[in-house]
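Read the structure below first, then the notes.
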Amino acid sequence: MRILAIASIGGHWIQLLRLMPLFKDHEVTFISTKPNLKDMVKGHRFITIPDANRGKKINLCKCILSVTWHIVAVKPRVIISTGAAPGLIGILIGKLTGAKTIWIDSIANAEKLSMSGNIAVKIADRVYTQWEHLANSKVIFSGNIL
Amino acid sequence: MIFVTTGTQEPFDRLIETIDDIAGQYPGLTFVVQAFSSLYKAKNFDVLEFISAADFSSYMDKADLIISHAGMGTIISALVENKPIIVMPRLLRYNEHRNEHQLATARKFDALGYLHVAYDEHELMAKFITMWPDQLKPLHKIGNSASDTLLDSLRTFIE
């Protein structure tokens, strides 16, 4: 199965890497926002994209174009993200291209779903929270990345 | 060695200033400090703006204690490496983050008993002085990957 796994640098990326047992039998392409993260996913394809800093529209545009380009090129069957904005863009473009889309809201969102997570609920095929008390009919709890 | 890390996104001067005060009181201790460029200039150590993933792992490995913002990257790394960690959450009212999720994270992990939490700079100073080094032990260790229930749920959905 061709999978695209996408997350911004920092906590989002570290959480994505904790899903590695899921990826080991699949053809996975990783996307993140800093080139030196490549070393953490040796043996897999890795692509760097510009980050979409909130407030800077030009960065958001660059990020959307870049994510779209790579999704069209990679043609993944599944897109999975642990956040943040670039991941949400990946989910949106993935949905438009017919991929199965999965959003895992960061474990840091312990009191409410993130802003991106709330948008993902409307788009993604599956949305997971990592806190049981935040689960509802549209948001699944099935353990966490710890 | 004490490894202080505050992420790569925004400054966290309230933490760095407190660490500088602590470092001034403990001249024999080595501090490796990473922080996004800030207005505050530390007197007792150099601040590294960005460190590579390899250097991050190496400092994490060598550290006797981690002090950090309540960012999940650092928290997860410390729990995997079984290192003692004190987190101090970035707060919205000081514009240290866009929302209050670090406070929520700190409270939840504090309630789980997984890490040491200082809710402000005074508590950080007090905790360090009273607890260093003997009472600052790792409180919880985690494995290398997500819970089986999450992985199984994802596997079933993908295939």
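The values are calculated or read from the model by the stated rules, or taken from the named source; none is laboratory data. The structure displayed is predicted, hence computed values, not measured ones. Neighbour counts run over all protein chains shown; Cβ positions are idealised from the backbone, glycine included.
Do we have any residue at all in the stretch B:69-78 that's in a strand (DSSP E or B), closer than 18 Å to B:THR18 by Cβ and not β-branched (Val, Ile, Thr)?
no
Anything in the stretch A:1-15 that is facing another protein chain (nearest Cβ under 8 Å) and either within 13 Å of A:MET40 (Cα to Cα) or of a type in the set (Gly, Ala, Ser) (or both)? List them, or say none.
Listed by number, the residues that qualify are A:ILE9, A:GLY10, A:GLY11, A:TRP13, A:ILE14, A:GLN15.
Residues to consider are B:ILE86, B:ILE51; find the one that is buried (at least 22 other Cβ atoms within 10 Å of the Cβ) and of a type in the set (A, V, I, L, M).
Residue meeting the stated conditions: B:ILE86.
Mind listing whichever residues of the stretch B:1-14 are more than 14 Å from chain A (Cβ to nearest Cβ), out of contact with any helix residue (DSSP H, G or I) (no Cβ under 7 Å at 6 or more places or on another chain) and closer than 25 Å to A:LYS34 by Cβ?
The answer is B:PRO11, B:ASP13.
Take the conditions modelled with pLDDT of 95 or more and either crowded, with 19+ Cβ neighbours inside 10 Å or hydrophobic (A, V, I, L, M, F, W, C) (or both) and apply them to B:THR30. Does it pass?
It is false that B:THR30 is modelled with pLDDT of 95 or more and either crowded, with 19+ Cβ neighbours inside 10 Å or hydrophobic (A, V, I, L, M, F, W, C) (or both).
Is there a residue in the stretch A:64-71 that is touching a strand residue (DSSP E or B) at 6+ places or on another chain (Cβ under 6 Å), touching a residue at least 24 places away in the same chain (Cβ under 8 Å), over 25 Å from B:THR5 (Cβ atoms) and of a type in the set (Ser, Thr, Tyr)?
no
Going through B:LEU150, B:LEU115 one at a time, which residue ends up being more than 10 Å from chain A (Cβ to nearest Cβ), closer than 25 Å to A:ILE9 by Cβ and crowded, with 18+ Cβ neighbours inside 10 Å?
Residue meeting the stated conditions: B:LEU115.
I need the full set of residues from the stretch B:12-27 which are surrounded by fewer than 20 Cβ atoms within 10 Å (Cβ to Cβ) and assigned to a loop (DSSP other than H, G, I, E, B), in order please.
Across the stretch B:12-27, the qualifying residues are B:TYR26, B:PRO27.
Search the stretch A:41-78 for residues being touching a Lys or Arg at 6+ places or on another chain (Cβ under 9 Å) and exposed (fewer than 15 other Cβ atoms within 10 Å of the Cβ), and hand back the single one that is nearest to the other protein chains (Cβ to nearest Cβ).
Here the answer is A:ARG54.
So that you can scan it fast, the table gives a plain yes or no per residue for (1) within 18 Å of B:LYS83 (Cβ to Cβ); (2) touching a helix residue (DSSP H, G or I) at 6+ places or on another chain (Cβ under 7 Å); (3) among the charged types (D, E, K, R); (4) within 12 Å of chain A (Cβ to nearest Cβ):
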residue: B:ILE19; (1), (2), (3), (4): yes, no, no, no
residue: B:GLN25; (1), (2), (3), (4): no, no, no, no
residue: B:TYR40; (1), (2), (3), (4): no, yes, no, no
residue: B:PHE45; (1), (2), (3), (4): no, yes, no, no
residue: B:HIS69; (1), (2), (3), (4): yes, yes, no, yes
